[in-house]
Amino acid sequence: MCRSNLRLSVGVAGLVVLAALFGPTASARADGVARASAAYARQDYLAAVRILTPLALHGNARAQSFLGFMYENGYGAPQAYDAAADLYRQAAICGNPFGQSMLGLMYDKGHGVPQDFVLAYKWLNLAAARASIHEREYFIRLRNAVASKMSRAQIAEGQHLALLWAPGQP
């Protein structure tokens, strides 16, 4: 479990409110992300958010990236790109490939963060490097799609930033 600092923005402050409303429960157990995934599959998005929130606030990178997805798409929570980007950032800093890829896509689109193709490339490159073999090809395609919008110098900068990155660093 990564213990990065969750920066509070207006959207992420809503997570604190949710955590206060639902309080610490058995959801904080290690199987919480699996239970949230099952709730999501049943389309019980409120339950998924309720399960994920305390886990995300306690630094669980998988929960952070999943909850970021819920906020990005408005499933069980208001659609809030700022909150989604903050959650993806925390997961990405911890080295979570899904969080890294989603943060990269947020930078590509300029959702919740300023549009920045270099940072999009960096995070998508890191996601591809850390992903399972099943996910890697997809992340590479996303990274290459971003690269198609960039100059050679920008791609080199994105590659350099990815090479310098280590878990725990933004």
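The table below gives the values:
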read-out	value
Residue in region 95-136 that is farthest from Ala80 (Cα to Cα), counting only those that are assigned to a helix (DSSP H, G or I) and of a type in the set (Ser, Thr, Tyr)	Tyr121
Filter result (assigned to a helix (DSSP H, G or I) and of a type outside the set (S, T, N, Q)) within region 34-45	Ala34, Arg35, Ala36, Ala38, Ala39, Tyr40, Ala41, Tyr45
Set Ala77, Ala13, Ala48, Ala19: member being of a type in the set (Gly, Ala, Ser), at pLDDT 95 or above, assigned to a helix (DSSP H, G or I) and on the phi < 0 side of the Ramachandran plot	Ala48
From the options Ala128, Ala166, residue that is of a type in the set (Gly, Ala, Ser), out of contact with any helix residue (DSSP H, G or I) (no Cβ under 8 Å at 6 or more places or on another chain) and surrounded by fewer than 24 Cβ atoms within 10 Å (Cβ to Cβ)	Ala166
Test: residue in region 150-157 that is within 23 Å of Ala56 (Cα to Cα), surrounded by fewer than 22 Cβ atoms within 10 Å (Cβ to Cβ) and not assigned by TED's automatic domain parsing to the domain that holds Gln43	no
Region 66-90, residues that are free of Cβ contacts under 8 Å to residues at least 60 places away in the same chain and under 18 Å from Ala166 (Cα atoms)	Tyr88
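Let's see how each residue does on (1) at pLDDT 95 or above; (2) not aromatic (Phe, Trp, Tyr):
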{"position": "Phe98", "(1), (2)": "yes, no"}
{"position": "Leu103", "(1), (2)": "yes, yes"}
{"position": "Tyr107", "(1), (2)": "yes, no"}
{"position": "Tyr121", "(1), (2)": "yes, no"}
{"position": "Asn125", "(1), (2)": "yes, yes"}
{"position": "Ile133", "(1), (2)": "no, yes"}
{"position": "Phe139", "(1), (2)": "yes, no"}
{"position": "Leu142", "(1), (2)": "yes, yes"}
{"position": "Ala162", "(1), (2)": "yes, yes"}
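The values are calculated or read from the model by the stated rules, or taken from the named source; none is laboratory data. For clarity, every value in this text was computed on a predicted model and none was experimentally measured. Don't worry about glycine lacking a Cβ; one is built from the backbone with ideal geometry, like all the others, and counts go over all protein chains shown.
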